[in-house]
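The structure appears below as structure tokens.
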Amino acid sequence: MNILLIGAGSVGQGFLKVLALRSQSLQESHGFVPRIVGVVTRSKGTLFDEAGLPLDALRTALQNGHLDLTLNSSTVQRNPAIQTILQHSAVDIVVEASPTNVQTGQPALDYIYTALNHGKHVVLANKGPLVVDGIGLMRCAESVGKALDYEATVMAGTPAIRLATKGLPGAQVTGFRGILNGTTNFILTKMSEGGSFDEALAEAQRLGYAETDPSGDVDGWDAAAKVIILSAAIFGVQLTFEQLSVSGIGELTSSQIQQAKMERKRWKLIAEGTREGGRVHPVALPVDDPLANVNGTLNAVTYTTDINGDVTLVGAGAGGQETGFALFSNLLEIYEQFF
Ligand code: HSE
């Protein structure tokens, strides 16, 4: 299973770390080790070798900030055209983990269409392409008979998408409501402990939870992107940002947060959706609401079903390793289904 990785920031490097951590046990349990044949980055260069790249040296080079590793291979290509390597016959799977652009989905959207149309499976952590054209991508993957998996885009390695789409066979999910942004939940938790907004945001950035442009987190657009992705996955409906009502946590003051505490409430940024639409808005939840006690970077989602009541899932919502694990788990599913 030959992998082309696009994007080697916190998530891409988290994915490589999980591969390194699991390669031994994977060999034993599944009889194979995935092989990285290429890495595409925006600022550290691009490296491609159909014979495979050495994982440990690759990780060290990425940590040092440049893909300048010495390789004794006659097939290595340095900084090749991305569209060309996406079509290369040695590539089986494209893992897309580059920074998100939720307005255009680009350049990832074009990359994914090229990959699918040239017979590659695609696994993504990048939300942008799904927000802009998720249903189109799903249809394309179906028509070419390849996998398009995106567990990493909502709640990192916590299987929110798998639970809703595969975990409740025979039941219908009629709605969802949850905390789908780790950065804002981390900020609200820190503020309720007496910390300041700016300090908490800086820490979320340092820990790699926040988006490249953190206003996407703070203003609710990252959570809205996840509402769009869940709506496409569960209801088969392609929503747009314009169809959602979105407000973030930027207007919440420390005194409002402390006041809520005295009233035995907790402010949370709630994201919700049904077949009819969705919204993102801060809500002061009573402490006995299960979502009120989901703190820090934890995320949670409650699915309402027609014949099995509510089902709630709580777990990591962000983080390089956790999101890298989600990519890895999709990879294993694809291996089991197609290889
Ligand atoms: N910035 C996102 C968050 C990362 O804080 O939840 C995970 O999608």
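Output yes when any residue across region 251-269 is small (Gly, Ala, Ser) and under 26 Å from the mean Cα position of the chain (by Cα), and no when none is. Within region 251-269, none of the residues are small (Gly, Ala, Ser) and under 26 Å from the mean Cα position of the chain (by Cα).
Quick grid of which residues meet (1) under 23 Å from SER329 (Cα atoms); (2) touching a residue at least 60 places away in the same chain (Cβ under 8 Å):
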{"site": "SER43", "(1), (2)": "no, no"}
{"site": "ASP49", "(1), (2)": "no, no"}
{"site": "ASP56", "(1), (2)": "yes, no"}
{"site": "ARG59", "(1), (2)": "yes, no"}
{"site": "VAL76", "(1), (2)": "no, no"}
{"site": "SER89", "(1), (2)": "no, no"}
{"site": "ILE93", "(1), (2)": "yes, yes"}
{"site": "GLU96", "(1), (2)": "yes, yes"}
{"site": "VAL102", "(1), (2)": "no, yes"}
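For region 248-260, state whether one or more residues are among the small types (Gly, Ala, Ser), away from the ligand (no atom under 16 Å from the Cβ) and outside any helix (DSSP H, G or I). No, there is no match, as no residue in region 248-260 is among the small types (Gly, Ala, Ser), away from the ligand (no atom under 16 Å from the Cβ) and outside any helix (DSSP H, G or I). Pairs meeting the criteria (first residue in region 147-170 and within 14 Å of the ligand (Cβ to nearest atom), second residue of a type in the set (Lys, Arg) and modelled with pLDDT of 95 or more, beta carbons under 9 Å, at least 6 apart or on different chains) are TYR150/LYS127; GLU151/ARG162; THR153/LYS127; THR153/LYS226; VAL154/LYS127; VAL154/LYS226; MET155/LYS226; ALA160/LYS226. When only residues in region 121-141 that are more than 15 Å from TRP221 (Cα to Cα) and not in a helix (DSSP H, G or I) count, which is nearest to the ligand (Cβ to nearest atom)? Only one residue fits best here, namely ALA125. Could you list, in sequence order, the residues of region 182-211 that are near the ligand (Cβ under 9 Å from one of its atoms) and of a type in the set (Val, Ile, Thr)? Across region 182-211, the qualifying residues are THR183, THR184.
Table: residues versus (1) over 22 Å from ALA292 (Cβ atoms); (2) among the charged types (D, E, K, R).
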site	(1), (2)
THR183	no, no
GLY194	no, no
GLU199	yes, yes
LEU207	yes, no
ALA232	yes, no
GLN238	yes, no
GLN243	yes, no
LEU252	no, no
GLN258	no, no
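Matching residues to (1) in contact (Cβ under 8 Å) with a residue 40 or more places away in the chain; (2) within 28 Å of GLY105 (Cα to Cα):
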residue	(1), (2)
THR240	no, yes
SER254	yes, no
ALA271	yes, yes
ARG275	yes, yes
GLY278	yes, yes
PRO290	no, no
PHE325	yes, yes
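Residue pairs whose Cβ atoms lie under 7 Å apart, sitting 6 or more positions apart in sequence or on different chains, and linking a residue in region 210-228 that is farther than 13 Å from ARG279 by Cα to a partner that is modelled with pLDDT under 95 and crowded, with 22+ Cβ neighbours inside 10 Å, are ALA210/ALA204; GLU211/THR100; ASP217/ALA210. Among the helices (runs of 4 or more DSSP H) confined to region 142-242, the ones with at least 2 residues that are of a type in the set (A, V, I, L, M) are located at 160-166, 182-192, 197-206, 221-235.
Filter region 289-315 for residues that are polar (S, T, N, Q) and surrounded by fewer than 15 Cβ atoms within 10 Å (Cβ to Cβ); which is nearest to ARG264 (Cα to Cα)?
For region 289-315, the residue satisfying everything is ASN293.
Of everything in region 2-33 that is modelled with pLDDT under 95 and in a loop (DSSP other than H, G, I, E, B), the residue that is surrounded by the fewest Cβ atoms within 10 Å (Cβ to Cβ) is GLY31. The test for being closer than 26 Å to ALA224 by Cα and touching a helix residue (DSSP H, G or I) at 6+ places or on another chain (Cβ under 8 Å) holds for PRO129. The residues in region 261-313 that are more than 23 Å from GLY236 (Cβ to Cβ), of a type in the set (A, V, I, L, M) and either within 16 Å of the ligand (Cβ to nearest atom) or not in a strand (DSSP E or B) (or both) can be counted, and the count is 9. When ALA115, ALA90, ALA51, ALA57 are screened for being more than 24 Å from the chain's Cα centre (by Cα) and part of a helix (DSSP H, G or I), only ALA57 passes. The single condition from (1) within 19 Å of ALA8 (Cα to Cα); (2) over 25 Å from the mean Cα position of the chain (by Cα) that ASN72 fails is (1).
The values are calculated or read from the model by the stated rules, or taken from the named source; none is laboratory data. In this text the structure is predicted, and so the values were computed from the model without any measurement. Note: ideal-geometry Cβ built from the backbone for every residue, glycine included; neighbour counts use all protein chains shown.
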